[in-house]
Amino acid sequence: MRLALFDLDNTLLGGDSDHAWGDYLCARGILDGTAYKARNDQFYQDYLAGRLDIRDYLNFSLAILGRSEMAQLEQWHREFMRDCIEPIILAKGEALLEEHRAAGDKLLIITATNRFVTAPIAARLGVDTLLATECEMEGGRYTGRTTDVPCFKEGKVTRLNRWLAQSGFSLADSCFYSDSMNDLALLEQVSHPVAVDPDPKLRGEAEKRGWPIISLR
């Protein structure tokens, strides 16, 4: 069975779920609408520029999980899915998933965004296997800290290789769809890398290497 890997943010979604979650919390007054949003925006610009300190960002973005009860977080996430995620699910992205599903491929979403934010999105897209940045839990609730290797840049390769060893799948004839130069390390590992609505750096790299460039917008 061939493996079809998909980045999530700005690939299958017409936006960034991690950044949108912060905006959602600010818009509803759950977090400071000025100070938090300014820092969240700066982290996002660092991500786009390829200079994000993932540990600093996770300490910042996961803190709200540690301060909140599970029932409250789940309620917020249901509203977030309805108001912020449903409008940016790309029809062409869903069609691409279905094309691979119909071909008998194994679908996997691999994303730097944390599992709390992304697990319901992967489920909504009908993708059972998700590799994401992990959120630590103790006593049935979040601690506000991350655990394991962040699923970011070379960390995506590390996390995928571990999953491959556990699952028995291989990267033979595999494909990976991504928009971001941050995913270059993983794009180099697969048989068929595909740039999806790529950022300028990835577009240049894809053109230089002769990789397909597609749009799902």
Candidate set: the range 204-217, residues that are under 18 Å from GLY93 (Cβ atoms) and in a loop (DSSP other than H, G, I, E, B); chosen: the one least open to solvent (accessible area, probe 1.4 Å): LEU216
Residue within the range 42-61 that is farther than 26 Å from ASN182 by Cα and either open to solvent by 40 Å² or more (accessible area, probe 1.4 Å) or without any contact (Cβ under 8 Å) to a residue 40 or more places away in the chain (or both) present: no
Strands (runs of 3 or more DSSP E) contained in the range 83-183 and holding at least 3 residues surrounded by fewer than 21 Cβ atoms within 10 Å (Cβ to Cβ): 129-138, 141-147
When residues of the range 184-203 are limited to those that are open to solvent by 60 Å² or more (accessible area, probe 1.4 Å) and among the charged types (D, E, K, R), the one nearest to ILE110 (Cα to Cα): GLU188
Close pairs (6 angstrom Cβ cut-off, 6 or more residues apart or separate chains): in contact (Cβ under 8 Å) with a residue 40 or more places away in the chain in the range 1-13, of a type in the set (A, V, I, L, M) anywhere: ALA4/LEU107; LEU5/LEU108; LEU5/ILE110; PHE6/LEU12; PHE6/ILE109; LEU8/ILE109; THR11/VAL196; LEU13/ILE88
Looking only at the range 21-40, and only at residues there that are open to solvent by less than 20 Å² (accessible area, probe 1.4 Å) and in contact (Cβ under 8 Å) with a residue 60 or more places away in the chain, the one that is farthest from the chain's Cα centre (by Cα): TYR24
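The values are calculated or read from the model by the stated rules, or taken from the named source; none is laboratory data. Just so we're clear, the structure is a prediction, and the values are computed from it rather than from any experiment. As a convention, Cβ positions derive from the backbone with ideal geometry for all residues, glycine included, and neighbour counts pool all protein chains shown. Side chains are part of the model used for accessible areas, which takes the heavy atoms of the whole protein and leaves out ligands, DNA and RNA. Shrake-Rupley method; radii C 1.70, N 1.55, O 1.52, S 1.80 Å.
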